[in-house]
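Worksheet for the structure shown next.
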Amino acid sequence: MIVNITLPDNTSYDITIDTLKNMTFDRKVVVVTNPTISALHLDYLTSKIDAKELSVVTIPDGEEYKRMNTIETILEHCFEHKLNRSSLLIAFGGGVIGDMTGFAASIYQRGIDFIQIPTTLLSQVDASVGGKTGINNKYGKNLIGAFYQPIAVNIDPHFLTTLPKREFGAGIAEIVKMAVTFNSDFFKWLEENDLNDEENIKVAIAKSVETKAWVVSQDEKERGLRAALNYGHTFGHVIENETNYDTYLHGEAVGIGMTMANALAVKIGYMTQEDSNRVTALLEKYDIPTTYNIKDVEDFYEHFFLDKKSLDNKIKFIIPKGIGDCEITANISKEDVIEVLKGFNS
């Protein structure tokens, strides 16, 4: 299956969901990966690549390494192998690898091509599509980066066969996010079907990619509609920051964040408790965490203002309106937010 994404400036690229095909490049190619993926799948990938020169840079595995010194490692490899502006990077791994490879590609000699070959469910359904790149720092998640589109995304479900259960669940959290914000029929389908089934997960990947591509094609730089894809992330990013990015996988933090956003939606009358419970039940079906103990409610609230989606000292929340729709708003009172946060403070 091929999903095409066309951007406002009339550039476009294909997202292919299929067994990886042979790729021929008349230029230097660098594969960026981590030790886990390298051990499992690097031979499979390199057997598919015919390039003028092919090299591999392996960077540490984990969100805590998504920082500027790791970008320096990638860039130094590119300089040592004398890459030029016609060269190519391939991001081979999950969302962390994709974000860092894309960012490195965007700044190496002011921009070279890169391709996404995502290996986790989360990166296949969300992170690899849409051109968001970046790194974390002590102030928060993805605060340094660029919108920089790949020239192609190749999604091979084969890589999911070695994916740990927690990583699989983290990806499902992003699938649920798409359904809650944009497609009630898809949400109902998710409730009725088991994503551990090989054919069902392919359907879910395709539906999620189609949704993401549709959104990004209308709002590449996240000035409006695309912000809806951050449902659960405003809360989730604070959780990741509080726990130093080493307690929860990104999708797990988003799962908790969606639960918090739903509680806020119930509080202000946008969502029924029944629909909120349906979302929680679907997340817990795949062992995605939905609870979190906030130690300091005021401190948690203040962390929202470090989020790049905050606007003029107002916090922008993505609030579900039932299931299948949402609203992006910066007009929720601090009192309502604090009351909801106190519900996670027991």
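Figures for the structure shown
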read-out: Residue, nearest to Ala227 (Cα to Cα), within the stretch 132-161, restricted to residues that are of a type in the set (Val, Ile, Thr) and open to solvent by 60 Å² or more (accessible area, probe 1.4 Å); value: Ile151
read-out: Residue count, the stretch 325-346 (criterion: in contact (Cβ under 8 Å) with a residue 40 or more places away in the chain and either closer than 18 Å to Asp275 by Cβ or touching a helix residue (DSSP H, G or I) at 6+ places or on another chain (Cβ under 8 Å) (or both)); value: 15
read-out: Within the stretch 63-86, tally of residues that are surrounded by 15 or more Cβ atoms within 10 Å (Cβ to Cβ) and either touching a residue at least 24 places away in the same chain (Cβ under 8 Å) or farther than 30 Å from Lys138 by Cα (or both); value: 12
read-out: Pairs with Cβ under 8 Å, 6+ apart, first in the stretch 1-14 and farther than 16 Å from Ser128 by Cβ, second modelled with pLDDT of 85 or more; value: Thr6/Ser12; Thr11/Gln149
read-out: Positions within the stretch 238-255 being over 12 Å from the mean Cα position of the chain (by Cα) and touching a residue at least 24 places away in the same chain (Cβ under 8 Å), in sequence order; value: Val238, Ile239, Glu240, Asn241, Glu242, Asn244, Tyr245, Asp246, Tyr248, Gly255
read-out: Residue check for Leu40: open to solvent by 60 Å² or more (accessible area, probe 1.4 Å) and either touching a Leu at 6+ places or on another chain (Cβ under 9 Å) or more than 30 Å from Arg166 (Cα to Cα) (or both); value: no
read-out: Residue that is nearest to Ser12 (Cα to Cα), among those in the stretch 136-145 that are touching a Leu at 6+ places or on another chain (Cβ under 8 Å) and not hydroxyl-bearing (Ser, Thr, Tyr); value: Leu143
read-out: Test: Glu210 is without any contact (Cβ under 8 Å) to a residue 12 or more places away in the chain and either part of a strand (DSSP E or B) or out of contact with any helix residue (DSSP H, G or I) (no Cβ under 7 Å at 6 or more places or on another chain) (or both); value: no
read-out: Members of the stretch 179-206 that are assigned to a helix (DSSP H, G or I) and either buried (at least 19 other Cβ atoms within 10 Å of the Cβ) or in contact with a Leu (Cβ under 7 Å, 6 or more places away or on another chain) (or both); value: Ala179, Val180, Thr181, Phe182, Phe186, Phe187, Leu190, Glu191, Ile201, Ala204, Ile205
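The values are calculated or read from the model by the stated rules, or taken from the named source; none is laboratory data. Bear in mind that the values here come from a model prediction, so they are computed numbers and not experimental data. Neighbour counts are summed over all protein chains in view; Cβ atoms, including those assigned to glycine, are modelled from backbone coordinates with ideal geometry. All accessible areas refer to the heavy atoms of the entire protein, side chains included, with ligands and DNA or RNA removed. Shrake-Rupley method; radii C 1.70, N 1.55, O 1.52, S 1.80 Å.
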